[in-house]
Structures are given as structure tokens and as C-alpha cells.
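Shown next, in C-alpha cells, is the structure this report addresses.
The values are calculated or read from the model by the stated rules, or taken from the named source; none is laboratory data. None of these values were measured; they are calculated from a predicted model. Quick reminder, even Gly has a Cβ in these numbers, built from the backbone with ideal geometry, and neighbours come from all protein chains shown. Ligands, DNA and RNA are excluded from the accessible area calculation, which covers all protein heavy atoms including side chains. Shrake-Rupley method; radii C 1.70, N 1.55, O 1.52, S 1.80 Å.
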Amino acid sequence: MSEEQIASIVGINHQTLKQKLALYKNHPGSLVVLIITVLAAVITAGVLLSLVVYIIAKGVPNIKLSMFEWKYTTENNSMMPSIINTLLMTILTLLIAVPIGVCSAIYLVEYSNRGSKFQMRLVKIIRMTTETLQGIPSIVYGLFGFLAFVIACHFSYSLLGGAITMALMVLPLIMRTTEEALLSVPDSYREGSFGLGAGKLRTIFKIILPSAVPGILSGVILAVGRIVGETAALMYTAGTSTNVCTGFLQPCRTLAVHMYQLLCEGKYMEAAYATAVVLLVMVILINALSTFAAKKLTKK
């Protein structure tokens, strides 16, 4: 195959292809790095694609209309209560975690940099604790939530106890992504706002936060994925009730916990695969809606 044919397949002109080939001949290490990078990307995409194909192949044939009935029974294995509970758990968790995480990141970026030595030490402690919290296994959060909220606070197994526990889990993620998003905003934005007479608070909420919205929403999207897919922490705090949650102090079962329970029982493997398909579609839809909202806000 000639260089002209290779260039037409790759989609670049002949001269550019010759320059790239000359570069790789003079620097063979670059070619090795390119091959490793492409191979890693192909492996990652292949693993993801194989998982999606496996779940769809196993789950789609087992999806039945009876699985979407309002009330769960052992005959229909309805996942509708778990879908509603998952949405409620996600919304309540974000309502708790996002304001705290965003405000904490604003303090770390906008107020602590020019503070006293005490503030600087406090910032170091906050960053160290958030990094530590990010590495704690979910089962530890579940046991802590069980002792703190279910027993000590007398919440019992409830939506509120599970939401607070999940908020503690995703808080470091939201804080870190928001902090990076705020740091990416150029200082010229702040200086221009101050030069026009705007105060600190107005500058933060009118200039800096709108510019950092895409980065903040990326952290929220990652947090949603962790909330939807969590099982261990919620089993010890929210419970495994199959009914639709009608109050903050009522027990509930999310979709991931529902799938785990079906797998543990061993008699409903087909229903578990069908639940996995619905869970996958649910995560994709939530991420797509979040990305669409981020693009709209960025344009504004």
C-alpha cells in the first residue's frame, strides 16, 4: 500500500503523513508511546463494549411488562418502586451534598488563599480530610451511617439516613471537582469585576460560578453515577423495603440494591439481568440530561 493510499484512509494529506512518519523515524520512542496509548484506549473501549453487550444480551429478552407494575410481588419482581426510590435518593442526596460541596470549594479557592496562618492550616486539614474520605470503602460509610443515623439518631432504615450517608460519600468528589473548576477561571475575570466596582460576593456568584458551571456539573454527573450504583452503604441505612418511599423516614430499596437482592436469592437471575439493563439505561439517560444541561448553561 502506498503512502498516498494510507493518507487517504487516515484522512490527512500526503505531506502531513510524510512529516509524521519522519518524526516517528527520528524519535522511535514517540511511536512506542503512540502504540501503547492507542492500545490502552482500544482495550478500555472493548471492555466497556463487552460489558454493555453482555448485559443487553442477557437482560433484554427477560424484560416483561409485569416488571413495571406499581407494587412489587414475588411473581412480578417489579422494579418500578425501586426506580422511583432511586430517583428520590439521588435528588435528596444532591440537595444535601451539592450546596455544601460548592460552598466549601468557594471558601477554599476564594477566601482562604489570602487568609491568616490559621486559615492556611485549616485549608490543609480540610484538603487532607477530603482526600482521605474519598478513599474510604463504601461499606465503611454504610456501617457509620448505620451507627450514626439508624441507631444514634433513631432514623431507623430510611430514605433520609441513606441520603445523608450518600451525601458524605460524594461530598469529597463534588468539592474537588468544584475546586478545580473555580481554579480554572482566569484571575482577569475577578480583577475586571473588582475594577468595575463589584463586591466579592457579587463577583463569585455573577462572574466566577457561571464560568465554572461545566466543571461543577461534571462532578455532579460523577456523583450521580455513584449514587445510582451504590449498594453496600444503602443496605445498612436505607434498608431493602420493596414499597415506594412515601416519607423521609420510610425505608426504601434503590434499583442497585434491588438487583443485588435478586441475585442473592438465586431464584430470580433473569429478573436481575433485566434490572441491570434498566439500571444501565437509567444511568445513561441521567448523564445525557446532565450533559445537555451543562451545554445549555455554558451557552448562556
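Worth a mention:
- Cβ charges +1 (Lys, Arg) and -1 (Asp, Glu), total dipole of segment 145-300, debye: 580
- Residue 282 contributes about 20 Å² of solvent-accessible surface, heavy atoms of the protein only, 1.4 Å probe.
- Of all accessible heavy-atom area on the chain, the percent that carbon and sulfur account for (1.4 Å): 69
- Across segment 152-273, C-alpha contacts under 8 Å between residues 6 or more apart give a mean separation that, scaled by the residue count, equals a relative contact order of 36 percent.
- Gaussian network model of the chain, Cα within-10 Å springs - most flexible of 233, 167, 57: 57
- Sequence-ordered 3J(HN,Hα) estimates for segment 148-156 from the Karplus curve with 6.51, -1.76 and 1.60 and θ = phi - 60° stand at 7, 9, 6, 9, 5, 8, 6, 6, 6 Hz, glycine and proline given as x.
- Legend: helices of the chain (whole DSSP H runs) are marked when their alpha-carbon atoms reach 20 angstrom or more along the helix axis and their mean Kyte-Doolittle hydropathy is at least 0.0; marked are 28-59, 80-106, 159-183, 209-229, 269-299.
- Among the chymotrypsin sites (Phe, Trp or Tyr not before Pro) in segment 68-113, those located in a DSSP loop and surrounded by at most 14 other Cβ atoms within 10 Å of their own Cβ are 70.
- Residues residue 132 and residue 189, FRET efficiency given R0 of 22 Å [Cβ-Cβ distance, rounded to 0.05]: 0.10
- Separation of alpha-carbon centers, segment 96-160 and segment 228-263, rounded to whole Å: 23
- The chain: Cys lacking any partner C-beta under 4.7 angstrom: 103, 153, 264
- Estimated 222 nm signal from helices in the chain, with DSSP H stretches of n ≥ 4 weighted -39500 (n - 2.57), rounded to 500: -23500 deg cm²/dmol
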